[in-house]
Amino acid sequence: MGRYLRLIVDPTQRDLRFVTGTGRYLADLVDDSTLHSWFVRSPVAHARVVSIDTAEAEKIDSVVGVFTASDLELQDLPGNTGVGPAIAAMDRPLLARDRVRFVGDIVAVVVARSPAAAEDAAALVWVDYEDLGAVTTVAGALAGETLLFDGAATNVATESSLAEGPINDGVPEVSVSLDLWNNRLAPVSIEPLSVLARFDGDDLVLHCGHQAPHRLQRQIQDHVPGLAASVRVISPDVGGAFGMKGMLFPEYLIVPALARRLDAPVVWMATRRENMMVGTHGRAQRHQITLEGSADGDFSRLVVDIVADVGAYPHNGSQIPLFTRLVSAGLYRIPRVEVRIRTVVTNTAPIGSYRGAGRPEAAYALERIVDEYAVAAGIGPDELRRRNLITELPHRSPTGALYDSGDYHLGLDRLLEALDVDSIEAEKHVRKESGGRPLGFGMAGFVERAGGAADSGEYAKVEVEPGGRIVVRTGSTDQGQSHDRIWSRLVGDEFGAGTVEVISGDTATVADGVGTYGSRSAQVGGSAAVRVSRAVIDIAKERAARHLEAAAEDLVFEHGMFSVVGSPGSEVSIFDLVADDPLESEEMYVPGAQTFPYGFYGVVVEVDPESGTVTPLRVVAVDDCGIVLDQAVVHGQLIGSIAQGLGQALMEEVVYSPDGQLQTSTLMDYMTPRAEDMPVIHSERLVHPAPSNPLGAKGAGEAGCIGLPPAIVNATLDALRPLGVTHLDMPLSPTRVWAAIQKAGSIS
């Protein structure tokens, strides 16, 4: 019986492939046998397809085929996602049959032996369009003068309402209202969308950088029935996902159909412009919000009317406003909450999940209206929040959310202490007296739901092999969250010996899985791996008891060895117990509850009135994501989400012209933060374990893009109120801010 010492490997070595250029992304899997697809996309936002002429395209050398809807005969994507009644008239054809509904809608697909030939041939597919007029705003969609789907007789895809809490018939002492727009964003992953399909006999093997390979496997089986005897989905290294790569795109279904028809591997790799055009966008919600209460600052009623733009087809985006509703009351005690939701279709790219997915929209609306209430009531924004924060947890929100653990007052106190608000106010006064650039301070608190649905679990299997190898198979798929590093450590700590290998992202080697999204991986996937590890150890203990001729309760397990209490030398390694019989366990772990991370963000900004430039000078982030499993990984997630929150607040916005042309189709037009745009960030953490999972983890991937945007806008308005500016919409571009200053000056 040998002793097995745990092999300690610097976990950063696992990440070296990404910074040394040795990662294996989908583009690295393309070889000379692969055919290239190029999609013919509509150049108009809304039109009837009169005719399609592919004759010239088919003459191009190296073209294998040109295909339209009549050639492939693929079933539509259903128009609803389980939200409200199904609207069959809003189903999405994979290739347009008689109508296109946004710039980028697929009309035909060319397959050739090289990408250049495919692109050249696509330019020779002639399509005759009859323009139908475009709808690009939620107001236009609600007006219904132009309908996207004739059979639906409306542009409203779903509608729902919630009203909970006691009704007070009295007239509130304070009532403030705002009409807010949460700007449409593009998830700008370094690696654009792509998919590669090949057949091994009748079995489909699909490579796709995807957040939920098992879900994609099921979607292919459901939407392309009979295509393959079996479907295997492999997610290679992924160059950023952010929610977009968990969505279902027509290309994911068309490419395998082409591979089957042509009996050859087929790939689609989107260009940057194509990715901006047809990849799902995020946010795009209008909130008409009212907050009522007493003159001394006690909130009594919150009313939110949400109109969410879901783009041309609702199949990916209709659920997101429900996530907004769940946390619409934020961290506050608000007795009465009313939320109305309408999702509408427009002639724009479909909306899908984007980092935060509904929670940033909720926090932005609520934290903006709380600051408006503070101004109206003459109460400091910090004091107003303090008076209304929830004091006892767990807490059931009127929207049905069960906030699990934390100390909201402590979070606010830590924020104010770290910011030193008195010194900020003193500096604001000095600048005002000296004529310097205005300085502003703003804050925002938020609570988010993490983990996915309460009944949503994750799969894990742990196998112990002779020789000291432990294999973890997990349904959580890594797109930059360092799952290999953390899962190896979690499982290694349970066994105390051996080497740990983590396998994920392949439906053939991992039997089941849910996926990585919604800040769920550590709390659900990591917990599953730990629970299964403990189950394996329990099974091994029974074997060890028989081997050592002792009672199981008399055994202790340390460093991979079972030993008998009080009997030195009577021991056996867990790895020696698997020589003749596999030692393994698996589970689809369902925690049965969501977790609710929360935080407080504060920002100090400087505004240049002559140019309209807003410069964040300091950001303080106080977050409670439960037990932190890896400080470096959590900090990296925080910085990444802060960067995306900064982008939404100051520069990012997808813009369409009135006729539906995308105006921000490249990174020359769609501005994203650069390293030099990042402010000084001070980060602190509170630790209140989540009671719903054995790790006590909550979720840390989305905090910055939820808490930072309202804090930046509140800070900017704090700086500009003395100049008469009382409202700004994101992004706070220099042009927009300068125009608001000029308008306020002309009015005064």
Using beta carbons and a limit of 6 Å, which pairs, at least six apart or on different chains, have the first residue in region 287-316 and over 12 Å from ILE369 (Cα atoms) and the second one surrounded by 24 or more Cβ atoms within 10 Å (Cβ to Cβ) and among the charged types (D, E, K, R)? ALA312/ARG101
Against the condition open to solvent by 10 Å² or more (accessible area, probe 1.4 Å), closer than 30 Å to LEU402 by Cβ and touching a residue at least 24 places away in the same chain (Cβ under 8 Å), how does SER521 come out, does it pass? yes
Which of (1) open to solvent by 10 Å² or more (accessible area, probe 1.4 Å); (2) in contact with an Asp or Glu (Cβ under 6 Å, 6 or more places away or on another chain); (3) under 29 Å from ASP150 (Cα atoms); (4) among the small types (Gly, Ala, Ser) does ALA284 not meet, given it meets every other one? (1)
Top-ranked residue of region 437-452 - restricted to ones that are among the small types (Gly, Ala, Ser) and out of contact with any Asp or Glu (no Cβ under 8 Å at 6 or more places or on another chain), ranked as surrounded by the most Cβ atoms within 10 Å (Cβ to Cβ): GLY451
ALA643 vs (1) within 26 Å of LEU393 (Cβ to Cβ); (2) among the aliphatic types (A, V, I, L, M); (3) touching a Gly at 6+ places or on another chain (Cβ under 8 Å): all pass except (1)
Condition first: loosely packed, with under 12 Cβ neighbours inside 10 Å and under 29 Å from the mean Cα position of the chain (by Cα). Now tell me which residues in region 165-195 satisfy that. ASP179, ILE190
Among (1) open to solvent by less than 20 Å² (accessible area, probe 1.4 Å); (2) closer than 27 Å to LEU322 by Cα; (3) modelled with pLDDT of 90 or more; (4) assigned to a loop (DSSP other than H, G, I, E, B), the one test that VAL514 misses: (1)
Of all residues in region 392-417, which are touching a residue at least 40 places away in the same chain (Cβ under 8 Å) and closer than 21 Å to GLY602 by Cβ? GLY406, ASP407, TYR408, LEU410, GLY411, LEU412, ARG414, LEU415, LEU416
What number of residues within region 664-710 are open to solvent by 50 Å² or more (accessible area, probe 1.4 Å), under 27 Å from LEU185 (Cβ atoms) and either among the acidic types (Asp, Glu) or in contact with a Pro (Cβ under 9 Å, 6 or more places away or on another chain) (or both)? 5
Looking at ASP413, ASP478, which one is closer than 28 Å to CYS705 by Cβ, of a type in the set (Asp, Glu), touching a helix residue (DSSP H, G or I) at 6+ places or on another chain (Cβ under 9 Å) and buried (at least 19 other Cβ atoms within 10 Å of the Cβ)? ASP478
So, in region 602-629, of the ones that are open to solvent by 10 Å² or more (accessible area, probe 1.4 Å) and among the charged types (D, E, K, R), which residue ends up nearest to SER527 (Cα to Cα)? ASP623
Has region 205-223 got at least one residue that is among the aliphatic types (A, V, I, L, M), modelled with pLDDT under 95 and open to solvent by less than 20 Å² (accessible area, probe 1.4 Å)? no
When you scan region 227-247, do you find a residue that is on the phi > 0 side of the Ramachandran plot and open to solvent by less than 30 Å² (accessible area, probe 1.4 Å), even just one? yes
It is to be established whether one or more residues within region 418-427 are out of contact with any helix residue (DSSP H, G or I) (no Cβ under 7 Å at 6 or more places or on another chain) and in a strand (DSSP E or B). no
Conditions first: (1) closer than 30 Å to ALA528 by Cα; (2) touching a Leu at 6+ places or on another chain (Cβ under 8 Å); (3) open to solvent by less than 20 Å² (accessible area, probe 1.4 Å); (4) in a loop (DSSP other than H, G, I, E, B). VAL654 passes all but one, so which condition is the exception? (1)
Residue check for THR716: surrounded by fewer than 16 Cβ atoms within 10 Å (Cβ to Cβ) and β-branched (Val, Ile, Thr): no
Given GLY599, GLY569, GLY592, GLY645, which one is open to solvent by 50 Å² or more (accessible area, probe 1.4 Å), within 24 Å of HIS483 (Cβ to Cβ) and either touching a Cys at 6+ places or on another chain (Cβ under 9 Å) or assigned to a loop (DSSP other than H, G, I, E, B) (or both)? GLY592
Spans of strands (runs of 3 or more DSSP E) in region 168-256 with at least 2 residues in contact with a Ser or Thr (Cβ under 9 Å, 6 or more places away or on another chain) and farther than 23 Å from LEU35 by Cβ: 174-182
Checked pairs for region 146-164, first modelled with pLDDT of 90 or more and open to solvent by less than 40 Å² (accessible area, probe 1.4 Å), second hydroxyl-bearing (Ser, Thr, Tyr) and in a strand (DSSP E or B), C-beta under 9 Å and 6 or more apart or across chains, list as VAL156/THR343; ALA157/THR343; THR158/THR343
When region 664-697 is examined, which residues are found to be more than 23 Å from the chain's Cα centre (by Cα) and of a type in the set (Val, Ile, Thr)? VAL680, VAL687
Could you please find all residues in region 531-556 being in contact with a Lys or Arg (Cβ under 8 Å, 6 or more places away or on another chain) and without any contact (Cβ under 8 Å) to a residue 40 or more places away in the chain? ALA552, LEU555
Filter region 449-486 for residues that are in a strand (DSSP E or B) and not hydrophobic (A, V, I, L, M, F, W, C) and give the result. GLU458, TYR459, LYS461, GLU463, GLU465, ARG469, ARG473, THR474
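The values are calculated or read from the model by the stated rules, or taken from the named source; none is laboratory data. Here the structure is a predicted model, which is why all the values come from computation and not from measurement. Using ideal geometry, Cβ is built from the backbone for each residue, glycine included, and neighbour counts are taken over all protein chains shown. Accessible surface is based on the protein model in full, side chains and every heavy atom, while ligands, DNA and RNA are left aside. Shrake-Rupley method; radii C 1.70, N 1.55, O 1.52, S 1.80 Å.
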